[in-house]
Amino acid sequence: MDSASLRRFNHKIEFGYLKPDGNVIFYEKLIAPLIRRSLDASTTQALRGLSGLTPGDFKVVRDRFAFKNKKDVTHKTLVSALADEARLKDLHVGKTNIGF
């Protein structure tokens, strides 16, 4: 949001990115139920290594894979999709919008 639109809000709340434990918690609650295999140590470690994720990123990935065949989806695929969501944010950092 630009500064003009920010003035119109009485309360401004910033939500930071999830910490490593938060990544695992959101994965277990929102995404892991999409597949039948349990979460293994390497997946947990990969999740802990991701940064820049928000709860919304987990929802996006869950919704993207919700109707795929469960046997075609793996933890590796899902963690990769989360990493892609985090990378997308990096592409837009520092860019300013010009509006009229």
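Exactly one residue among LEU53, LEU47 is surrounded by 14 or more Cβ atoms within 10 Å (Cβ to Cβ) and in a loop (DSSP other than H, G, I, E, B), and that residue is LEU53. The single condition among (1) without any contact (Cβ under 8 Å) to a residue 40 or more places away in the chain; (2) surrounded by 12 or more Cβ atoms within 10 Å (Cβ to Cβ) that ASP72 does not satisfy is (2). Considering the range 1-41, the residues that are assigned to a loop (DSSP other than H, G, I, E, B) and of a type in the set (S, T, N, Q) include one that is surrounded by the most Cβ atoms within 10 Å (Cβ to Cβ), namely SER38.
Can you tell me which residue among SER38, SER51 is polar (S, T, N, Q) and over 13 Å from the mean Cα position of the chain (by Cα)? Residue meeting the stated conditions: SER38.
Any read-out appearing in this document is the output of simple, stated calculations on the displayed coordinates, not a laboratory observation. Please read these numbers as outputs of a predicted model, since none were measured by experiment. Cβ sites come from the backbone with ideal geometry, for glycine too, and all protein chains shown count toward neighbours.
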